[in-house]
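What follows is a single structure, written as structure tokens, with notes after it.
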Amino acid sequence: MLEQLLIFTRGGLILWTCKELGNALKGSPIDTLIRSCLLEERSGAASYNYDAPGASYTLKWTFHNELGLVFVAVYQRILHLLYVDDLLALVRREFSEIYDPKMTVYNDFDETFRQLRMEAEARAEELKKSKQMVKPVNNSKKQGQAQKAGFDKGNKKREGSSAAGGGDDNDEGKGRKLENGNSNGKNFEIDEPRMTAAVNGKENTSSNFSAFDVSKLQKRTKGGKKTDTVVNKGSKVDPKKKVTKKNRVWDDAPPETKLDFTDPVDRNGNEKMEVVPASQGESMMDVEEIISSDSGGEEDDNVQKDSKPEATKKGWFSSMFQSIAGKANLEKGDLEPALKALKDRLMTKNVAEEIAEKLCESVAASLEGKKLASFTRVFSTVQAAMEEALVRILTPRRSIDILRDVHAAKEQRKPYVVVFVGVNGVGKSTNLAKVAYWLLQHNVSVMMAACDTFRSGAVEQLRTHACRLQIPIFEKGYEKDPAIVAKEAIQEATRNGSDVVLVDTAGRMQDNEPLMRALSKLIYLNNPDLVLFVGEALVGNDAVDQLSKFNQKLADLSTSSTPRLIDGILLTKFDTIDDKVGAALSMVYISGAPVMFVGCGQSYTDLKKLNVKSIVKTLLK
């Protein structure tokens with residue numbers, strides 16, 4: 001049964017709801033649809049599933065872009081109503097005829113909707129009956145063909161075996177005896193001639209395989225054993241001798257005393273490490289980026305020519321008249337060339353193919369049926385809509401001012417906890433140190449927590465950063481439970497009065513369930529204020545897989561009813577990609593989390609904010 005159907009404008013004004021249904025929806029499925037799907041450029045999807053306590057809904061929708069109307073139907077997911085798409089199309093057609101922008105109440109539409117609903121349900125029933133009538137006929141035909149093919153195949157096998165004549169009675173008996181012995185599980189010995197007979201008997205039943213000579217195989221295995229023994233004898237090494245690597249000595253150069261290029265140490269064995277003060281250089285987080293305003297008009301012209309080769313067939317007068325008068329309504333065929341060119345352009349910028357396709361579907365859904373303005377080309381209209389969509393996606397939906405949140409936590413006398421997660425080798429520890437350096441410049445006391453107890457050298461790496469930045473570090477060594485280490489680090493920071501705790505975790509692949517379970521436990525036990533996913537800007541399609549599976553695993557493996565997911569993204573190695581900035585779009589689109597930091601170098605100052613306008617301009621350039 002249909003739970004609700006409502007019509008509202010793109011501005012949010014509800015024009016009509018079905019009073020006949022009048023069911024109270026559990027939760028807020030309509031608000032969630034608008035916030036998570038329509039505003040995030042996911043309107044190209046066929047449906048949206050909403051889960052609420054005690055109910056699971058499926059929402060379907062359609063647009064009237066010329067009038068700016070949205071039609072939404074809500075029903076229980078378990079029902080699988082077949083007439084909803086047809087009903088939405090009928091309601092869209094009938095309501096658009098009576099729509100008046102000055103009117104806000106449409107009580108007369110109740111009777112029209114009742115008739116449209118009965119008509120859609122009747123069509124669905126007829127379609128269901130016709131499918132049920134057709135199915136048995138097809139199944140019986142397929143079964144008959146399969147039986148006939150089986151009989152023909154069996155007859156051919158019998159004819160082939162009799163014509164071959166290779167399987168005589170003795171061979172068949174011996175082969176059968178071997179099969180019965182195996183199936184009954186009895187232990188028996190088979191001598192060599194009987195084995196060859198069984199093999200020959202089996203071989204003669206099929207003409208596709210060549211004869212198999214067992215004696216050759218035995219000789220080959222005997223020879224292999226001999227060679228193995230020779231190798232083993234020759235490879236014996238005296239365990240008492242200790243092999244040491246000798247340095248290469250050149251004829252003209254003096255001999256090297258040691259090949260150790262690590263940091264020098266003093267007499268007590270302590271490393272003489274270079275200290276990096278917070279005043280050494282200004283972090284790029286606090287520097288505003290200037291964007292050049294170069295217009296890409298010439299490139300747009302080239303893309304327009306490439307994407308519409310058939311446009312030259314139209315006459316000069318007709319094309320000029322169409323540009324002056326404007327096209328009546330944009331159709332899907334008019335948008336496809338421009339959307340294909342934009343999709344290819346996004347994919348060349350390293351945007352995942354799935355994301356580029358969904359974006360183009362969403363832009364097409366928002367433009368289809370819309371009237372093209374005078375002196376406006378289709379490609380310009382599509383590009384403007386895509387630019388608005390990209391800005392909307394990349395702009396954070398919530399505040400990402402970490403300094404304000406740190407001061408708020410400080411007033412509550414508790415440390416602000418940030419957990420860095422991600423796959424192997426993306427630069428979590430290095431960028432954690434960059435974030436620490438930026439916080440130090442704003443007079444925030446920081447403590448590092450070495451919770452990567454899995455990778456060798458991880459604690460030493462973080463200790464090096466802490467020594468250079470003169471920051472306290474909490475560590476417990478290796479093979480410890482990272483969740484317990486993080487909890488003790490937060491307790492230590494509370495006692496010492498540290499403002500921020502930066503928790504370093506082990507790199508893990510999204511499919512590694514034991515490590516993902518340990519990460520879920522760490523987040524559940526410590527309830528951090530911010531969970532940052534550290535990802536490379538170099539990845540393309542893998543960005544979608546990494547983030548979606550990280551979120552999925554954190555949700556599935558959490559013991560809480562409201563699991564914590566990824567709150568923000570730290571994009572690393574941004575200085576190595578030139579204009580291939582599509583990973584930022586892919587990550588934000590698939591997770592809904594904003595890009596909070598961008599790593600763009602090797603020094604502590606190379607950390608900056610994401611400039612949305614610059615990214616959008618690069619993507620569409």
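Applying a threshold of 8 Å to beta carbon distances and a minimum spacing of six or more residues, or different chains, the list of pairs starting in the stretch 557-568 at a residue that is without any contact (Cβ under 8 Å) to a residue 60 or more places away in the chain and in the same structural domain as Gly535 (by the TED database) and ending at one that is assigned to a helix (DSSP H, G or I) and of a type in the set (Asp, Glu) reads Leu557/Glu513. In the stretch 22-77, which residue that is open to solvent by 40 Å² or more (accessible area, probe 1.4 Å) and assigned to a strand (DSSP E or B) is nearest to Asp100 (Cα to Cα)? Among residues in the stretch 22-77 that are open to solvent by 40 Å² or more (accessible area, probe 1.4 Å) and assigned to a strand (DSSP E or B), the one nearest to Asp100 (Cα to Cα) is Tyr48.
Taking Ala433 as the residue in question, decide whether it is open to solvent by less than 60 Å² (accessible area, probe 1.4 Å) and assigned to a helix (DSSP H, G or I). Break it down stepwise before answering.
On the way: open to solvent by less than 60 Å² (accessible area, probe 1.4 Å): yes; assigned to a helix (DSSP H, G or I): yes.
The answer is yes for Ala433.
Could we say that Leu81 is within 16 Å of Thr17 (Cβ to Cβ), out of contact with any helix residue (DSSP H, G or I) (no Cβ under 7 Å at 6 or more places or on another chain) and either open to solvent by 60 Å² or more (accessible area, probe 1.4 Å) or touching a residue at least 12 places away in the same chain (Cβ under 8 Å) (or both) here?
Here the answer is no, as Leu81 does not meet what is asked.
Within the stretch 1-16, the set of residues being under 24 Å from Arg117 (Cβ atoms) and surrounded by 14 or more Cβ atoms within 10 Å (Cβ to Cβ) comprises Leu2, Glu3, Gln4, Leu5, Leu6, Ile7, Phe8, Thr9, Leu15, Trp16.
For the stretch 66-96, give me each residue that is on the phi > 0 side of the Ramachandran plot and either hydroxyl-bearing (Ser, Thr, Tyr) or over 30 Å from the mean Cα position of the chain (by Cα) (or both). So that I can check it myself, show each step before the final result.
Let us first name the residues in the stretch 66-96 that are on the phi > 0 side of the Ramachandran plot, namely 68, 80.
Result: Gly68, single match.
Residues in the stretch 347-369 that are over 21 Å from the mean Cα position of the chain (by Cα) and part of a loop (DSSP other than H, G, I, E, B) were compared, and the one that is nearest to Ile34 (Cα to Cα) is Glu368.
Is there a residue in the stretch 411-430 that is surrounded by fewer than 21 Cβ atoms within 10 Å (Cβ to Cβ), closer than 21 Å to Asn496 by Cα, β-branched (Val, Ile, Thr) and in the same structural domain as Gln602 (by the TED database)? Checked against the condition, which is being surrounded by fewer than 21 Cβ atoms within 10 Å (Cβ to Cβ), closer than 21 Å to Asn496 by Cα, β-branched (Val, Ile, Thr) and in the same structural domain as Gln602 (by the TED database), the stretch 411-430 yields no hits at all. If only residues of the stretch 472-494 that are touching a strand residue (DSSP E or B) at 6+ places or on another chain (Cβ under 9 Å) and part of a loop (DSSP other than H, G, I, E, B) are counted, the one that is surrounded by the most Cβ atoms within 10 Å (Cβ to Cβ) is Glu475. The numbered conditions (1) among the acidic types (Asp, Glu); (2) farther than 23 Å from Val287 by Cα; (3) crowded, with 21+ Cβ neighbours inside 10 Å are all true for Glu513 except (3). Screening the candidates Ser498, Ser548, Ser445, Ser456 for the property of being hydroxyl-bearing (Ser, Thr, Tyr) and farther than 30 Å from Val276 by Cα yields one hit, Ser548. Taking the stretch 363-398 as the range and being small (Gly, Ala, Ser), in contact with an Asp or Glu (Cβ under 9 Å, 6 or more places away or on another chain) and under 12 Å from Leu330 (Cβ atoms) as the test, the residues that pass are Ala364, Ser366, Gly369. Within the set Asp401, Asp344, the sole residue that is within 20 Å of the chain's Cα centre (by Cα), open to solvent by 20 Å² or more (accessible area, probe 1.4 Å) and either more than 18 Å from Asn65 (Cβ to Cβ) or modelled with pLDDT of 85 or more (or both) turns out to be Asp344.
The single condition among (1) touching a helix residue (DSSP H, G or I) at 6+ places or on another chain (Cβ under 7 Å); (2) at pLDDT 80 or above; (3) not in a helix (DSSP H, G or I) that Leu372 does not meet is (2). Of all residues in the stretch 321-341, those satisfying the criterion of being open to solvent by 80 Å² or more (accessible area, probe 1.4 Å) and either closer than 14 Å to Lys621 by Cα or modelled with pLDDT of 80 or more (or both) are Glu331, Lys332, Glu336, Lys340. Take Leu127 and decide whether it is among the aliphatic types (A, V, I, L, M), in a helix (DSSP H, G or I), modelled with pLDDT under 90 and open to solvent by 30 Å² or more (accessible area, probe 1.4 Å). So Leu127 passes the test.
In the stretch 495-525, the residue that is farthest from Leu403 (Cα to Cα) out of those that are among the hydrophobic types (A, V, I, L, M, F, W, C) and in a helix (DSSP H, G or I) is Leu515.
Please go through the stretch 568-621 and pick out each residue that is part of a loop (DSSP other than H, G, I, E, B) and of a type in the set (A, V, I, L, M, F, W, C).
Result: Ile577, Val581, Ala593, Cys600, Leu610, Leu620.
Of the listed requirements (1) buried (at least 16 other Cβ atoms within 10 Å of the Cβ); (2) in contact (Cβ under 8 Å) with a residue 60 or more places away in the chain, Lys621 misses just one: (1). Checking each residue in the stretch 448-468 for being assigned to a helix (DSSP H, G or I) and open to solvent by less than 10 Å² (accessible area, probe 1.4 Å) picks out Ala458, Val459, Leu462, Ala466.
The values are calculated or read from the model by the stated rules, or taken from the named source; none is laboratory data. All values reported here derive from a predicted model rather than from experimental measurement. For neighbour counting, all protein chains shown are included, and Cβ atoms are generated from backbone atoms with ideal geometry for every residue, glycine included. Ligands, DNA and RNA are stripped out before the accessible areas are found, and what is left, the full protein with its side chains, is counted by its heavy atoms. Shrake-Rupley method; radii C 1.70, N 1.55, O 1.52, S 1.80 Å.
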